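Below is one structure, written out as structure tokens, with a few remarks after it.
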Amino acid sequence: MSTDVQNPPETRSEAGAARAVAAHFRDYLAKVRGGEVGALPAVTGIIALCVVFGAADPVFLSVGNLANLFGQGAAVACIAMGLVFVLIIGEIDLSAGYASGVCAALMAVALTEWGMPWPVAIGVAIAAGVAIGLLLGAIVVKLGIPSFVVTLAAFLAFQGIVLIILDKGANISINNETVKAIAGGNLERWQGWTLLVVTVAAYAALQLSRWRRRVGRGLVHEPFAVVCARIAALAALLAATVFLLNLERSANPQLVSLTGVPVVVVVLGALFVLWSFVLHRTRFGRHLYAVGGNAEAALRAGVAVDRVRIAAFVICSAMAAVGGIVAASRAASVDPNTGGSNVLLLSVGAAVIGGASLFGGKGTVRAALLGGAVVAIINNGMGLMGLDAGVRFGVTGAVLLLAAGVDAMSRGRGALFGRH
Amino acid sequence: MLLELSRVSKSFGPVEVLSEVDLAIDAGEVCALVGDNGAGKSTLVKCIAGIHTVDGGTVAVDGRSRDISGPRDAAALGIEVVYQDLALCDNLDVVENMFLGREKLHGVVLDDDAMEQLAAETLDSLAVRTIRNLRQNVASLSGGQRQTVAIAKAVLWNSRLVILDEPTAALGVAQTRQVLELIRRLADQGLAVLYISHNLNDVFAVADRIAALYLGRMAAVLDAADATQSQVVELITSGRSGEVGLTETNGVRP
């Protein structure tokens with residue numbers, strides 16, 4: 001760090017810096033004890049699951065399986081990211097799974113029967129998602145029907161619409177290479193490293209400029225060491241991921257080489273950055289949390305509550321469309337079951353496991369990704385262990401219940417320790 | 001006079017809730033509004049705040065008659081209301097709550113640092129020392145701290161008249177005193193304060209003048225220094241106390 005930065009009093013000496021770091025750590029612990037657990041349960045869960053499954057079957061920790069995990073979890077993670085927006089305002093969207101099926105089916109029909117180029121087909125799918133969200137949101141907000149009922153009705157209706165679009169349930173194959181690459185393709189090795197450098201540099205620039213700004217304005221700020229540690233941690237984590245994914249993971253390298261960061265990782269990363277920005281750095285995001293926390297207060301403060309709520313449904317359904325596209329790309333086909341069976345429940349589970357609250361007012365995009373990882377790891381690990389689907393459903397259900405329990409308990413703690 | 005209500009009436013259907021109410025509040029004074037349940041206190045506040053429109057009479061600010069037809073009109077005139085149920089979002093922090101609905105932007109991006117600085121300055125100017133961390137969620141604050149945030153939020157906007165709806169109703173003794181001190185400070189800084197309360201001890205502790213509503217009519221407006229508690233109680237319960245008050249209190253105007 002250059003010397004022109006004004007050092008705050010508490011970081012001028014080394015002892016002072018150590019004290020500041022310790023104080024920061026204590027603040028964090030106090031927050032956790034007060035019920036603001038953040039990503040802690042999900043991260044702990046991921047580590048624990050990796051240890052257990054890694055011990056049960058070494059294949060789980062193989063590079064090939066790591067790449068596989070991203071592909072398996074991507075569709076659910078996309079839908080979960082959208083669901084977070086609806087959960088924040090205290091609503092639910094039970095139709096997100098089949099909405100993704102409808103949009104995927106539309107894309108498949110646009111690609112094959114209508115002969116559209118792939119960008120148009122993807123645009124059609126996302127536009128359909130936006131339209132679905134507008135319709136659901138308008139019904140919930142303007143007619144005042146509980147979202148649970150509206151989206152349950154849509155859940156049934158969309159199931160039928162998929163059948164109609166797919167002409168009584170035919171399976172449509174997707175042959176477009178670009179669309180298939182979304183979930184199946186890999187980056188070149190150098191592309192992965194370039195992306196890593198750009199990402200870490202951007203993150204570091206943002207963090208450091210923010211830190212300098214806050215020091216300059218004399219606002220409360222984190223110790224410099226903590227900022228650096230966070231940047232270093234992200235760099236190390238991403239570098240390890242890129243390194244592992246750049247290793248050869250083909251069973252038979254002479255026949256076909258399989259290396260590089262999966263394209264779907266980039267897709268998830270870009271969506272994560274986009275929606276995190278919207279949630280935390282824009283007025284709309286702030287208003288979402290306000291509506292979820294106390295809609296009456298938001299209304300009195302001049303927030304356009306109805307518009308914010310409809311927008312949340314639009315984002316949710318649009319992200320369901322993205323999830324549908326990813327699922328179709330991975331399967332290279334669309335059938336009446338795309339987005340069906342347990343996709344919705346896994347997505348809701350992912351968001352809740354990550355830390356979104358079913359009571360509203362709480363949730364982050366990061367939560368959806370971490371929760372999605374937990375769900376994907378459970379399914380993948382138990383599949384490798386040869387446990388049958390019955391056990392897998394049971395365990396996923398138990399984990400969801402546990403996550404909801406943690407949420408309810410952390411609310412209880414917040415109330416117990418927070419207000420005097 | 002900063003705010004002057006003359007002959008303000010308001011009916012909901014056949015029910016006349018306010019009947020030709022007169023009230024004037026000047027800058028730098030705390031005017032307490034007292035009255036029994038159903039006397040029309042909340043309705044009067046909502047008329048001033050633009051949530052209800054008045055049916056008859058005029059609302060004048062700075063001597064000019066104004067048409068306040070929404071909360072935004074009221075805010076534009078410098079009128080801010082701190083509601084009884086606080087209207088804070090538990091899941092947002094102190095700064096986020098203070099700027100809710102009026103966030104400072106840098107392009108499309110929230111300018112959180114500028115907002116935090118302004119919030120800190122406002123709290124400083126009110127000599128608030130009970131809130132140390134502006135980035136903690138409001139859920140973790142005590143009742144008095146929450147009330148302080150709600151009041152500071154109202155002061156942030158160059159407001160000139162702050163209306164407080166039972167700000168001490170849910171507070172303990174020490175916290176009540178803190179909030180009352182804060183109210184006094186608002187007036188000392190040149191703001192007009194309309195303070196609604198059921199607690200006459202609090203009213204006498206902080207108010208310069210006391211306006212008593214009785215069944216939708218203004219029974220009397222007294223100087224707090226000249227009034228006694230029993231006098232105010234009589235005005236609240238029967239609309240009349242000795243020589244002051246309504247001359248005819250059974251619903252027929254004199």
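Some observations on this one:
- Listed residue (A:325, A:134, A:155) projecting farthest to the positive dipole end of the protein assembly as shown, Cβ model: A:325
- Most positive-pole-ward Cα, A:116, A:201, A:29, against dipole of the protein assembly as shown from beta carbon charges: A:201
- Nearest 10 degrees, 0 to 90: helix B:229-238 Cα axis against chain B principal axis: 70
- Label-point separation, residue A:408 to residue A:114 (7 Å along Cα→Cβ), nm: 4.6
- Of the DSSP H helices in chain A, those whose Cα atoms cover at least 27 Å axially and whose Kyte score averages 0.0 or more: A:63-88, A:118-143, A:224-245, A:305-331, A:365-384, A:389-418
- Shielding by other protein chains, B:106-112, mean Cβ within 10 Å: 4
- When peptides B:186-198, A:349-361, A:55-67 are ranked by their average number of other Cβ atoms within 10 Å per residue, the highest-first order is A:349-361, B:186-198, A:55-67.
- Partner chain coverage, peptide A:361-370 - average Cβ within 10 angstrom: 1
- Remark: spin-label model distance residue A:32-residue A:244 equals 2.2 nm, labels positioned 7 Å along the Cα→Cβ axis.
- Inter-chain neighbour count for B:135-147: the average number of beta-carbon atoms from partner chains within 10 Å of each residue's beta-carbon is 4.
- 0 to 90° range, to nearest 10: angle between helix B:143-155 axis and chain B longest Cα axis: 90
- Selection from A:271, B:37, B:6, by position along the positive dipole direction of the protein assembly as shown (Cβ): A:271
- For residue A:116, residues with placed amide H under 5 Å, excluding near neighbours: A:111
- Spatial offset of the stretch A:304-374 relative to the stretch A:164-180 amounts to 22 Å, using the alpha carbon center of each.
- For the stretch B:87-162 versus the stretch A:116-147, the inter-centroid distance based on Cα atoms is 36 Å.
- For residue B:225 and residue A:48, a Förster radius of 56 Å and the Cβ-Cβ distance give a FRET efficiency of 0.20, rounded to the nearest 0.05.
- Dipole magnitude (debye, nearest 20) for the stretch A:156-304, charges at Cβ of Lys, Arg, Asp, Glu: 800
- Computed about the Cα centre, the dipole magnitude for the protein assembly as shown is approximately 1340 debye when only Lys and Arg (+1) and Asp and Glu (-1) carry charge, each at its Cβ.
- Magnitude of the charge dipole, the stretch A:263-319, Cβ model with Lys/Arg +1 and Asp/Glu -1, debye to 20: 140
- Stokes-Einstein D (µm²/s) once Rh is taken as the Kirkwood radius of the protein assembly as shown over alpha-carbon pairs, at 10 °C in 1.306 mPa s: 56
- From largest to smallest, the equivalent ellipsoid semi-axes obtained for the stretch B:100-160 from the alpha-carbon gyration tensor read 20, 14, 11 Å.
- Straightening the chain between residue B:26 and residue B:169 buys 49.0 nm, computed as 0.36 nm per residue apart minus the Cα-Cα spacing.
- Here is how the number arises for chain A: DSSP H runs of 4 or more residues each give -39500 (n - 2.57), the sum is divided by the residue count, and the result at 222 nm is -25000 deg cm²/dmol.
- Each label was represented as a point 7 Å from its Cα along the Cα-to-Cβ direction; for residue A:23 and residue A:171 these points are 6.4 nm apart.
A short reminder: the numbers here are calculations on the coordinates, not readings from a lab. Since this is a predicted model, take the numbers as computed values, not measurements. Cβ atoms come from the backbone with ideal geometry, glycine included; neighbour counts cover every protein chain shown.
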